[in-house]
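**Q** First, the structure itself, so that you have it in front of you.
Any read-out appearing in this document is the output of simple, stated calculations on the displayed coordinates, not a laboratory observation. The model shown is predicted, which means the values in this text are computed figures rather than measured ones. Cβ placement follows ideal geometry from the backbone for every residue including glycine, while neighbour counts extend to all protein chains displayed.
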Amino acid sequence: MLSRAEAIALDQVSAGELHQLMRRACRVREKAWGATVTYSRKVFIPLTNLCRDKCGYCTFARQPDEPGAGYLAPDQVMAIARRGEALGCKEALFSLGEKPELVYPQARAVLDALGYATTMDYVIAMSERILAETSLIPHVNAGTLTRAEIVRLKAVCGSVGLMLENVSRRLVQRGMAHYACPDKVPVQRLRTLDMAGVERIATTTGILIGIGETWVERIDSLLAIAELHTRHGHIQEVIVQNFRAKPGTMMATWNEPGHEDMLRTLAVARLLLPTDISLQAPPNLAEAFEDYLDSGINDWGGISPVTADYINPERAWPAIHDVARRSHGRGLGLAERLTVYPRYLCQPDFVGAAPARALGCQARPDGLALHQYEAMPMAASAECAA
């Protein structure tokens, strides 16, 4: 495994050094995670695209007067969930802007009409309904949270997600990616991640690369995540996501991180993070995404047969059979997992009673999804299930 100093020294590497680094990362992956790469078959529910933050790269958030801005109604939420259930999804991922009711009267008016005081109240109510009326298990990406909100979420969802993105306070300065984003102040996000650990709920986090951070800041962000996990044991997966420039944003002309930069960052992440943390990279944000397997990842994250990637709508999800084919080409079987990783299913205090019952109905003895989507010929499918 790498020390901080060793990781920082990898700011510049030759092609040969990168290859050696990637091989080291693969050996760690093989020992900890075997010859299977996983993904979660999920449906994305964009509960609201109103947000009080103004990230320099975001096209998801809308102003109240923009076309398409607002909240999904309860019947719309349930229609999306039932369509996902019909197509074999196991997870309902709620994505939403942060605390819009604190800045927009229009958001408060919608919530008043729905009978909720806050957006978080609405998220919790819809998660509870999905858990009660479908076979899906909610996963909530709701931004920074209070400890009381985390406790309430644990009762109605299997896991929570909060991208750390980066620990650098430089990125909240004027002209930087997180300027005018009160919920992107690093200490606020670290506090939420820490409280999730205290309350023992399986948590997804990660870093976003290419948004103006230095290599050292990238390393320190990974180490901050590692420290949280060492303290609480709750970080089930870390996403390394590459920034993609989008027209109409402040960062539309910024350079995107290159493919080798992603490969190097993934390999370093695998060698810095505890080995029981799953390492994930999104397959829809790169053409040759199968190369990520050579840097030690063991998970593709959520892939939906129903809904778009609302955060990167210009980047369509690859078909599951294509992900399986490319993974198999690198010597790895593809298997479907649930919202909660297997090792947390064996620790009852990490899952609330209602989500635990739902997960128990969906899990096979090894903790992966009981009903696997058949994306490969039988020979490959047998390898996936091994």
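**Q** Restricting to the range 4-385, what percent of DSSP beta bridges are antiparallel, rounded to 5?
**A** On the way: 2 of 38 bridges.
Of the beta bridges lying entirely in the range 4-385, close to 5 percent run antiparallel.
**Q** By count of other Cβ within 10 Å, fewest leading, how are 3, 14, 168, 327 ordered?
**A** Values: 3 11, 14 8, 168 21, 327 26.
Ordered from fewest to most neighbouring Cβ atoms within 10 Å, 3, 14, 168, 327 come out as 14, 3, 168, 327.
**Q** While we're here: As a footprinting exposure proxy, order 330, 52 by other Cβ within 10 Å, with the fewest listed first. Can you show the working numbers first?
**A** Values: 330 13, 52 19.
Sorted ascending by nearby Cβ count, the order is 330, 52.
**Q** For the range 132-209, with only Lys/Arg (+1) and Asp/Glu (-1) charged at the beta-carbon, what is the dipole magnitude about the Cα centre, in debye rounded to 20?
**A** Numbers: 10 positive and 6 negative charges, 68 e Å.
So the magnitude is around 320 debye.
**Q** Related question: Quote the Stokes-Einstein diffusion coefficient, in whole µm² s⁻¹, for the chain, based on the Kirkwood radius over alpha carbon pairs, a temperature of 25 °C and a viscosity of 0.890 mPa s.
**A** On the way: Rh = 21.0 Å.
Rounded to a whole number, D works out at 117 µm²/s.
**Q** Find how much the distance from residue 75 to residue 23 grows on full extension, using 0.36 nm per residue of separation minus their present alpha carbon separation; answer in nm with one decimal.
**A** Working: separation 52, 0.36 × 52 = 18.72 nm, distance 4.90 nm.
Computed gain between residue 75 and residue 23 is 13.8 nm.
**Q** Turning to a different aspect of this structure: Identify, among 74, 323, 15, the residue whose Cα sits farthest towards the positive end of the charge dipole of the range 4-385, taking +1 on the Cβ of Lys and Arg and -1 on the Cβ of Asp and Glu, with the dipole about the Cα centre.
**A** Checked the options; the winner is 74.
**Q** Related question: Based on DSSP H runs of at least 4 residues, each adding -39500 (n - 2.57), what is the mean residue ellipticity at 222 nm of the chain after dividing by all its residues, to the nearest 500 deg cm²/dmol? Provide the component values of the computation, followed by the final result.
**A** On the way: 13 runs with 147 residues, N = 386.
About -11500 deg cm²/dmol.
**Q** Between the alpha-carbon centers of the range 155-195 and the range 62-111, tell me the distance in whole angstrom.
**A** Taking the Cα centre of the range 62-111 as reference, the centre of the range 155-195 is 21 Å away.
**Q** Then there's this: Kindly count the pairs of lysines across the range 4-385 whose alpha carbons are less than 22 Å apart, treating pairs on different chains or eight or more residues apart as eligible.
**A** So the count works out to 9.
**Q** What percent do you get for the relative contact order of the chain when only Cα pairs under 8 Å and 6+ apart count? All intermediate terms of the calculation are to be shown ahead of the outcome.
**A** Numbers: 756 pairs, mean separation 88.9, N = 386.
Reported as a whole number, the value is 23 percent.
**Q** Counting C-alpha atoms alone, how compact is the range 111-171: give Rg to one decimal and Dmax as a whole number, in angstrom.
**A** Cα radius of gyration and Dmax of the range 111-171 are 13.6, 45 Å respectively.
**Q** Could you check the spin-label model distance between residue 288 and residue 366? Points 7 Å from the Cα along Cα→Cβ, value in nm.
**A** Computed distance between label sites residue 288 and residue 366 equals 3.0 nm.
**Q** Which one of 371, 298, 125 is farthest out on the positive end of the charge dipole of the range 4-385, using unit charges on Cβ (Lys, Arg +1; Asp, Glu -1) and the Cα centre as origin?
**A** Toward the positive end, the furthest listed residue is 125.
**Q** Between residue 121 and residue 322, what is the label-to-label distance in nm when each label sits 7 Å out along the Cα-to-Cβ direction?
**A** 4.4 nm
**Q** Let me ask something else. What is the order of 51, 361, fewest Cβ neighbours within 10 Å to most? Intermediate values should be presented prior to the final figure.
**A** Numbers: 51 24, 361 10.
Fewest-to-most Cβ neighbours within 10 Å comes out as 361, 51.
**Q** What is the Cα convex hull volume of the range 1-69 when expressed per residue in Å³?
**A** Values: hull volume 13.9 nm³, N = 69.
Convex hull of Cα atoms, per residue: 202 Å³.
**Q** Which of the trypsin sites (Lys or Arg not before Pro) found in the range 168-269 are in a DSSP loop and have at most 10 neighbouring Cβ atoms, other than their own, within 10 Å?
**A** Working: sites: 169, 170, 174, 184, 189, 191, 200, 218, 231, 244, 264; in loops: 174, 200, 244.
Hits after loop and neighbour filter: 174.
**Q** Select from 257, 338, 355 the residue farthest towards the positive end of the dipole of the chain; place +1 on Cβ of Lys and Arg, -1 on Cβ of Asp and Glu, and compute about the Cα centre.
**A** Farthest along the dipole direction, towards plus: 355.
**Q** With +1 on each Lys and Arg Cβ and -1 on each Asp and Glu Cβ, and nothing else charged, work out how big the dipole of the chain is about its Cα centre, in Debye to the nearest 20. Before the final figure, lay out the partial values.
**A** Values: 41 positive and 43 negative charges, 87 e Å.
With only Lys, Arg, Asp and Glu charged at Cβ, the dipole is about 420 debye.
**Q** Something else now. Please build a GNM for the chain, connecting alpha carbons under 10 Å apart, and tell me which residue among 285, 72, 368 fluctuates the most.
**A** 72
**Q** At q = 0.26, 0.28 Å⁻¹, work out log10 I(q)/I(0) for the range 212-272 with the Debye formula, treating every Cα as an identical point scatterer and leaving solvent out; two decimals please.
**A** At q = 0.26, 0.28 Å⁻¹ the computed log10 ratios are -1.14, -1.22.
**Q** What's the local net charge at residue 307, with K and R +1, D and E -1, over the other residues with C-beta under 10 Å away? Walk me through the intermediate numbers first.
**A** Working: positive: 42, 83; negative: 309.
Around residue 307, the charge tally is +1.
**Q** Can you compute the charge dipole magnitude of the range 238-386 about its Cα centre, using +1 on each Lys and Arg Cβ and -1 on each Asp and Glu Cβ, nothing else charged? Give it in debye, rounded to the nearest 20. Could you put the intermediate results ahead of the total?
**A** Values: 12 positive and 17 negative charges, 56 e Å.
My answer is approximately 260 debye.
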